[in-house]
Amino acid sequence: MHRINIIFKFSWPFLRPYRVWLAMGLLFGILFGLSNGGVLWLTQTLIERLENTPSDSAFALSGAGQEADSYFGQIKFRIKNTVDAWIDPWFPKHDRKLDLKQLVGIFLFLPLFTAFRSFSSYLSSYFLAYTSEHVVNDLRVKVLETLSCLSLDYFNRSTMGDMITRINGDTGNLQRCLRNGVEHIIKEPVTILSVFFIMLFIDPMLTMGAMILVPIFVLPVLALGKKAKRAAKKMVQTNVTQSSLMVEMLSSIRVIKAFNLEQTMVGRFRDLSRYLIRQTLKTVRAKELVNPIIETGAILGLGALIVFVVQTQRPINHLVTFFMGIIMFYTPVKKLGKWHIQVEQASVGIGRLMDILAETPTVKEPDHPKSLSGFKKSIEFNDVSFSYLDEIVLKNIQLSVPHGYRLGIAGESGSGKSTLVNLFFRFYDPTQGQISIDGIDLREMSLADVKNLIALVSQDIVVFDQTAAENIGCGKPGATRGEIEAAARHAHADEFIQRLPEGYDTRLGEQGVTLSGGQRQRIAIARAFIKDAPILILDEATASLDSQSEGEVQAAIEELSENRTVICVAHRLATLKSSDCVIVLSKGKIIEQGGFEELIRRDGIFAAMAVSQGIKPTSNIASV
Ligand SMILES: Nc1ncnc2c1ncn2[C@@H]1O[C@H](COP(=O)(O)OP(=O)(O)OP(=O)(O)O)[C@@H](O)[C@H]1O
Ligand SMILES: [Mg+2]
């Protein structure tokens, strides 16, 4: 009950918008449950009327005349007489000739009652399925939304497999549990109770005899639930690892093929699959064992019933009705037993979903953001330090980038160049100091405003599986086709896009697989063009290109850089020759700073790097 409580508490905010559907589902579930008791009572009444027994004796029903004297016996007698008087004209009796009313009763009331019962079940299932499908899909969207709002540090400590499992696997378990649960939690208990009370009404002693075994068979079902939960926990862990492996393998298929790693990866996947099968079979065993356990209980109950009927010489119609009653009683018990296993499975996922929904972004939106219309003066780094975990990656950075300035950033690999760039976008906040634009701390501006001021062209180009036009247009929501084509022309991308099979309407494939590195780069530059942001950040934008592509991309970048403030990270120092100022980073510190020519002449680290790239300390700079 505790777990069911947790599941419903967790799901309630998502259930609320569908409460009308939920209420309808529950209402029809109750009607279905009650009509089961009605079917049992009707069967008993019909058999009794068609049999050659004194029908007006409630004491015969109870199987013990002494009950007539008791308080409950009197009530029972009265209820039975009232109902009998009401239905008497409509149903046949063994010693009466059939008349029209009775034919109507048989061919109208009985089918109507059965149809009511079946349609109640149908409507209840439909309304509850409608509710649970919507709830779980809303939950999926919420999980994805929460994930998308989290800061990058969360993604650094999570794996892709874990996130996919939360969005699909954990919510899927909850979906199955809710779908069956909201149905079972009303329909089955109401059926159990209504059947139980009708049986009690017909013959209390017989009912007790038939039900005495129920608790003995419910206990093993509870133990099976615990077993299923342990297996479900292991299944989730394995699913996470398996999904990560799958994402890793499919997204790096070129490297995997180049290093002949296909069989190794498939082997690891196969091992995980086998382990997953073992755990899945444990939960299947737990779930399916419910059937034989409860059915054995039911059959033993029937045995006890027969012994009781024979021993106490009760009328045979009781045996028929109770046979039916026991089946109607144990079927929902079986369903609840199976659902109990699903509850245990779902409770594993609920914990994980609760964790993720409780996550908050470490980079926060200010409550009252200061607005900034455009960039006019300067970007300032004031004593900025930053660490991802314990190790400090940027130390006491002091930097000023005036409007219209071109800042070059050089430094060995791992010196902190990309980290510095990431801080501009507020992917992370500095652990110490502040970054400001036109005197406003980035932390006081809305995240959207900050990102609108800056366009990024990085080495890791992301091309979506959309058309060329959509890939460029995403830089400016609502961009017209004219604007998109103009941006492509500026980025020297128009020519190759026109040559694609469907021009701007050609889908570029996942990660832009149908394009070359240089073409992808130009799509990214076109995206930056259309964004038309006043600050442009280039992080190794031409690093992986051959000299011809680099020439074309460089030309596009030069055009893009006009009238903008540019921050350019480059390993190829020749790219930085037009910079107003270059800073050299080493182990997170600025160790040199000055004009390009000035640094080359200074004979420091930058000069050494330049020499190693064949750049001479003259104004005639040439890269090898
Ligand atoms: N997400 C991260 N989590 C933890 N540490 C990180 C993360 N990203 C980078 N680092 C560490 O921070 C340091 C600086 O990394 P950064 O990517 O800024 O270097 P870089 O100068 O851009 O190098 P490169 O020239 O190779 O691109 C490195 O030591 C790196 O290991
Ligand atoms: Mg980098």
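FYI, it's all coordinate maths here, none of it is from the lab. The structure presented is a predicted model; accordingly, all values stated were derived computationally and were not measured. Note that we place each Cβ from the backbone using ideal geometry, even for glycine, and neighbour counts take in every protein chain shown.
What is the extension gain from D88 to D449, computed as 0.36 nm multiplied by their sequence separation minus the C-alpha to C-alpha distance, in nm to one decimal? Mind showing how you got there, number by number?
On the way: separation 361, 0.36 × 361 = 129.96 nm, distance 7.97 nm.
Between D88 and D449, full extension yields 122.0 nm more.
What's the FRET efficiency of Y130 with R3 using the Cβ-Cβ distance as r and R₀ = 30 Å, to the nearest 0.05? Don't jump to the answer; show the numbers that get you there.
On the way: r = 24 Å, r/R0 = 0.81.
Plugging the Cβ-Cβ distance into 1/(1 + (r/R0)^6) gives 0.80.
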Point to revise | Sorted by Cβ density within 10 Å, fewest first, the residues R527, R406, R157 | key: R157, R406, R527
Check your understanding: What percent antiparallel are the DSSP beta bridges of region 378-612, to the nearest 5?
Key -> 50 percent
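Counting helices only, and only those DSSP H runs with n ≥ 4, report the 222 nm mean residue ellipticity of the chain as the sum of -39,500 (n - 2.57) divided by its residues, in deg cm²/dmol to the nearest 500.
Values: 23 runs with 384 residues, N = 624.
Computed mean residue ellipticity for the chain: -20500 deg cm²/dmol.
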Exercise for review: Just tell me which lysines come within less than 30 Å, Cα to Cα, of K377; anything on the same chain fewer than 8 places away is out.
Suggested key: K364, K395, K417, K451, K476, K531, K577, K587, K589
**Study point:** Within the chain: Cβ-based charge dipole about Cα centre, in debye rounded to nearest 20 (Lys, Arg +1; Asp, Glu -1)
**Key:** 2100 debye
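Would you tally the net charge around G475, using a Cβ to Cβ cut-off of less than 12 Å, leaving G475 out, and scoring K and R as +1, D and E as -1?
Net charge in that neighbourhood comes out at +1.
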Check your understanding: Of all DSSP beta bridges located in the chain, what percent are antiparallel, nearest 5?
Key -> 50 percent
Practice item. For region 304-315, just list the computed ³J(HN,Hα) in residue order, Karplus coefficients 6.51, -1.76 and 1.60, θ = phi - 60°, integers in Hz, with x standing in for Gly and Pro. Key: 4, 5, 4, 4, 5, 5, 5, 4, 9, 6, 7, x
Check your understanding: If all Cα-Cα distances of region 378-612 are sorted into 5 Å bins from 0 onward, what percent lands in each bin, rounded to whole numbers?
Key -> 1, 7, 14, 18, 18, 16, 12, 8, 5, 2, 0
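Over the chain, what per residue volume does the convex hull of the Cα atoms give, in whole Å³?
Numbers: hull volume 141.1 nm³, N = 624.
Expressed per residue, the convex hull around the Cα atoms of the chain is 226 Å³.
Hey, how much of the P(r) for region 2-358 falls beyond 29 Å, as a percent of Cα pairs? If you can, show how the numbers build up before the last one.
On the way: 35205 of 63546 pairs.
Of all Cα-Cα pairs in region 2-358, 55 percent lie more than 29 Å apart.
Eigenvalues of the Cα gyration tensor times 5, then square-rooted: what semi-axes does that give for region 369-484, in whole angstrom, largest first?
Numbers: eigenvalues 153, 72, 37 Å².
The three semi-axes for region 369-484 are 28, 19, 14 Å.
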